1. I'm spelling it out carefully: the read-out is P(r) over Cα pairs in 10 Å bins from 0, in percent, the candidates are (1) 10, 39, 37, 13, 0; (2) 9, 19, 23, 29, 18, 2; (3) 7, 21, 28, 22, 12, 6, 3, 0, 0, and one was derived from this structure. Which label?
2. Please give the charge dipole size of region 39-172, origin at the Cα centre, charges +1 on K and R Cβ atoms and -1 on D and E Cβ atoms. Round to the nearest 20 debye.
3. Antiparallel versus total DSSP beta bridges in the chain: what percent is that, nearest 5?
4. Can you list the aspartates and glutamates whose alpha carbon is less than 13 Å from that of Lys91, not counting same-chain residues fewer than 8 positions off?
5. Computed over the Cα atoms of region 65-147, what is the ratio Rg over Rh, Rh following Kirkwood?
6. Add -39500 (n - 2.57) for each DSSP H run of 4 or more in the chain, then divide by its residues: what number comes out at 222 nm, to the nearest 500 deg cm²/dmol?
7. Solvent-accessible area per residue for the chain at a 1.4 Å probe radius, Å²?
8. If the label point is 7 Å along Cα→Cβ of Leu103, which residues in region 116-142 have backbone nitrogen under 11 Å from it?
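The values are calculated or read from the model by the stated rules, or taken from the named source; none is laboratory data. What you see is a predicted model, and the numbers here were worked out from it, not measured in a lab. As a convention, Cβ positions derive from the backbone with ideal geometry for all residues, glycine included, and neighbour counts pool all protein chains shown. Note: areas computed on protein heavy atoms with side chains; ligands, DNA, RNA excluded. Shrake-Rupley method; radii C 1.70, N 1.55, O 1.52, S 1.80 Å.
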Amino acid sequence: MTSTTESTRELLLSRIRDVADYPKPGVVFKDITPLLADPVAFTALTDALAELCVRHGATKIVGLEARGFILAAPVAVRAGIGFVPVRKAGKLPGATLAQAYELEYGSAKIEIHAEDLVAEDRIMVIDDVLATGGTAEASLELIRRAGAQVAGVSVLMELGFLSGRARLEPGLRGAPLEALITV
(Lines give C-alpha, C1' and ligand atoms only; values in the text may rest on other atoms or scores of the structure.)
Protein backbone atom coordinates (compact mmCIF):
# COMPACT_ATOMS: atom_id res chain seq x y z
CA MET A 1 0.00 0.00 0.00
CA THR A 2 1.19 3.52 -0.68
CA SER A 3 1.87 6.13 1.95
CA THR A 4 -0.66 8.41 0.26
CA THR A 5 -2.78 9.95 2.97
CA GLU A 6 -6.53 9.63 3.09
CA SER A 7 -6.85 13.40 2.63
CA THR A 8 -4.76 13.18 -0.57
CA ARG A 9 -6.92 10.33 -1.84
CA GLU A 10 -10.05 12.34 -1.09
CA LEU A 11 -8.61 15.39 -2.87
CA LEU A 12 -7.73 13.35 -5.96
CA LEU A 13 -11.06 11.54 -6.04
CA SER A 14 -12.97 14.81 -5.64
CA ARG A 15 -11.32 16.11 -8.82
CA ILE A 16 -12.25 13.11 -10.99
CA ARG A 17 -15.50 13.60 -12.86
CA ASP A 18 -17.78 10.75 -13.91
CA VAL A 19 -19.13 11.16 -17.44
CA ALA A 20 -22.06 8.84 -18.12
CA ASP A 21 -22.44 7.08 -21.47
CA TYR A 22 -19.00 8.07 -22.78
CA PRO A 23 -17.50 6.94 -25.11
CA LYS A 24 -20.53 4.68 -25.58
CA PRO A 25 -23.83 3.97 -23.80
CA GLY A 26 -23.45 2.15 -20.50
CA VAL A 27 -19.85 3.29 -19.87
CA VAL A 28 -19.02 5.71 -17.05
CA PHE A 29 -15.83 7.50 -18.13
CA LYS A 30 -13.45 8.69 -15.40
CA ASP A 31 -12.42 12.19 -16.55
CA ILE A 32 -9.17 13.36 -14.93
CA THR A 33 -9.08 16.77 -16.65
CA PRO A 34 -10.51 18.58 -13.58
CA LEU A 35 -7.68 17.05 -11.50
CA LEU A 36 -5.08 18.20 -14.04
CA ALA A 37 -6.56 21.71 -14.03
CA ASP A 38 -6.22 21.98 -10.23
CA PRO A 39 -2.57 22.77 -9.41
CA VAL A 40 -2.89 21.58 -5.81
CA ALA A 41 -4.41 18.22 -6.81
CA PHE A 42 -2.02 17.72 -9.75
CA THR A 43 0.96 18.48 -7.50
CA ALA A 44 -0.32 16.05 -4.85
CA LEU A 45 -0.69 13.36 -7.52
CA THR A 46 2.77 14.03 -8.95
CA ASP A 47 4.34 13.92 -5.48
CA ALA A 48 2.58 10.66 -4.55
CA LEU A 49 3.65 8.91 -7.77
CA ALA A 50 7.22 10.26 -7.49
CA GLU A 51 7.43 8.89 -3.95
CA LEU A 52 6.46 5.44 -5.25
CA CYS A 53 9.18 5.61 -7.91
CA VAL A 54 11.81 6.51 -5.32
CA ARG A 55 10.57 3.89 -2.83
CA HIS A 56 10.75 1.10 -5.41
CA GLY A 57 14.14 2.13 -6.80
CA ALA A 58 12.97 3.10 -10.28
CA THR A 59 15.63 4.51 -12.60
CA LYS A 60 13.20 5.35 -15.42
CA ILE A 61 9.50 5.75 -15.92
CA VAL A 62 7.49 4.35 -18.79
CA GLY A 63 4.33 6.35 -19.49
CA LEU A 64 1.50 4.72 -21.40
CA GLU A 65 -0.16 6.62 -24.24
CA ALA A 66 -1.88 8.94 -23.90
CA ARG A 67 -2.98 10.06 -20.44
CA GLY A 68 -0.10 8.14 -18.87
CA PHE A 69 2.22 10.63 -20.61
CA ILE A 70 0.55 13.53 -18.84
CA LEU A 71 1.14 11.93 -15.44
CA ALA A 72 4.51 10.26 -16.04
CA ALA A 73 6.49 13.19 -17.43
CA PRO A 74 6.17 15.48 -14.37
CA VAL A 75 6.70 12.49 -12.08
CA ALA A 76 9.98 11.73 -13.86
CA VAL A 77 11.10 15.34 -13.40
CA ARG A 78 10.07 15.32 -9.73
CA ALA A 79 11.80 11.97 -9.06
CA GLY A 80 14.89 13.00 -11.04
CA ILE A 81 14.73 10.03 -13.40
CA GLY A 82 14.20 9.49 -17.13
CA PHE A 83 10.90 9.21 -18.99
CA VAL A 84 10.31 6.78 -21.88
CA PRO A 85 7.01 6.83 -23.80
CA VAL A 86 5.15 3.70 -24.84
CA ARG A 87 3.22 4.65 -27.96
CA LYS A 88 0.63 3.18 -30.24
CA ALA A 89 2.17 1.40 -33.21
CA GLY A 90 3.59 3.63 -35.91
CA LYS A 91 4.02 6.75 -33.73
CA LEU A 92 7.74 6.41 -32.85
CA PRO A 93 10.49 7.12 -35.38
CA GLY A 94 13.34 4.68 -35.86
CA ALA A 95 13.76 1.14 -34.57
CA THR A 96 11.19 -0.04 -32.05
CA LEU A 97 10.08 -3.12 -30.18
CA ALA A 98 6.38 -3.87 -30.64
CA GLN A 99 3.93 -5.87 -28.58
CA ALA A 100 0.42 -6.86 -29.63
CA TYR A 101 -2.34 -7.38 -27.08
CA GLU A 102 -6.01 -8.23 -27.00
CA LEU A 103 -8.80 -5.78 -26.27
CA GLU A 104 -12.43 -6.47 -25.55
CA TYR A 105 -13.26 -5.60 -29.15
CA GLY A 106 -10.13 -6.64 -31.08
CA SER A 107 -6.40 -6.18 -30.78
CA ALA A 108 -3.88 -3.36 -30.61
CA LYS A 109 -0.12 -2.90 -30.69
CA ILE A 110 2.22 -0.69 -28.68
CA GLU A 111 5.87 0.19 -29.27
CA ILE A 112 8.92 1.47 -27.41
CA HIS A 113 12.42 2.56 -28.42
CA ALA A 114 14.46 -0.34 -27.05
CA GLU A 115 17.67 1.71 -26.93
CA ASP A 116 16.10 3.96 -24.27
CA LEU A 117 16.23 1.08 -21.75
CA VAL A 118 19.28 -0.83 -20.49
CA ALA A 119 19.74 -3.94 -18.35
CA GLU A 120 20.50 -1.88 -15.23
CA ASP A 121 17.24 0.07 -15.50
CA ARG A 122 14.38 -0.51 -13.07
CA ILE A 123 11.22 0.70 -14.78
CA MET A 124 8.09 2.04 -13.13
CA VAL A 125 5.08 1.93 -15.46
CA ILE A 126 2.71 4.84 -14.89
CA ASP A 127 -0.80 5.28 -16.23
CA ASP A 128 -3.95 7.09 -15.21
CA VAL A 129 -6.35 4.13 -14.95
CA LEU A 130 -5.93 0.39 -14.62
CA ALA A 131 -8.99 -1.11 -16.28
CA THR A 132 -8.64 -4.52 -17.94
CA GLY A 133 -4.83 -4.37 -17.79
CA GLY A 134 -4.11 -5.16 -21.45
CA THR A 135 -1.92 -2.16 -22.22
CA ALA A 136 -0.02 -2.39 -18.94
CA GLU A 137 0.53 -6.13 -19.44
CA ALA A 138 1.94 -5.52 -22.94
CA SER A 139 4.22 -2.78 -21.57
CA LEU A 140 5.70 -5.20 -19.00
CA GLU A 141 6.57 -7.57 -21.84
CA LEU A 142 8.17 -4.73 -23.83
CA ILE A 143 10.28 -3.66 -20.84
CA ARG A 144 11.59 -7.18 -20.34
CA ARG A 145 12.23 -7.70 -24.06
CA ALA A 146 14.28 -4.48 -24.03
CA GLY A 147 16.40 -6.07 -21.29
CA ALA A 148 15.29 -3.89 -18.37
CA GLN A 149 13.71 -4.84 -15.04
CA VAL A 150 10.19 -3.98 -13.85
CA ALA A 151 10.16 -1.92 -10.65
CA GLY A 152 6.37 -1.85 -10.57
CA VAL A 153 3.17 -0.36 -11.95
CA SER A 154 1.61 2.77 -10.44
CA VAL A 155 -1.75 4.19 -11.42
CA LEU A 156 -3.94 7.03 -10.27
CA MET A 157 -7.05 4.84 -10.26
CA GLU A 158 -7.84 1.14 -10.43
CA LEU A 159 -11.26 0.04 -11.66
CA GLY A 160 -11.38 -3.08 -9.51
CA PHE A 161 -14.53 -4.47 -11.11
CA LEU A 162 -12.66 -4.95 -14.43
CA SER A 163 -10.08 -7.33 -12.88
CA GLY A 164 -6.99 -5.73 -14.42
CA ARG A 165 -4.95 -6.55 -11.31
CA ALA A 166 -5.55 -10.28 -11.74
CA ARG A 167 -4.45 -10.04 -15.37
CA LEU A 168 -1.26 -8.13 -14.47
CA GLU A 169 -0.06 -10.06 -11.42
CA PRO A 170 1.64 -12.92 -13.32
CA GLY A 171 3.60 -10.43 -15.45
CA LEU A 172 4.63 -8.38 -12.44
CA ARG A 173 6.64 -11.33 -11.05
CA GLY A 174 6.48 -9.94 -7.54
CA ALA A 175 6.90 -6.25 -8.45
CA PRO A 176 4.27 -4.02 -6.81
CA LEU A 177 1.08 -2.74 -8.40
CA GLU A 178 -0.02 0.41 -6.59
CA ALA A 179 -3.22 2.36 -7.16
CA LEU A 180 -3.74 5.64 -5.34
CA ILE A 181 -7.53 5.19 -5.66
CA THR A 182 -9.53 2.00 -6.14
CA VAL A 183 -13.16 2.14 -7.28
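1. Given (1) 10, 39, 37, 13, 0; (2) 9, 19, 23, 29, 18, 2; (3) 7, 21, 28, 22, 12, 6, 3, 0, 0, the structure-derived one carries the label (1).
2. Computed about the Cα centre, the dipole is about 120 debye.
3. Of the beta bridges lying entirely in the chain, close to 35 percent run antiparallel.
4. Here the aspartates and glutamates satisfying the reach criterion relative to Lys91 are Glu65, Glu111.
5. Rg/Rh: 0.94.
6. Only helices count here, giving -10500 deg cm²/dmol.
7. 47
8. 135
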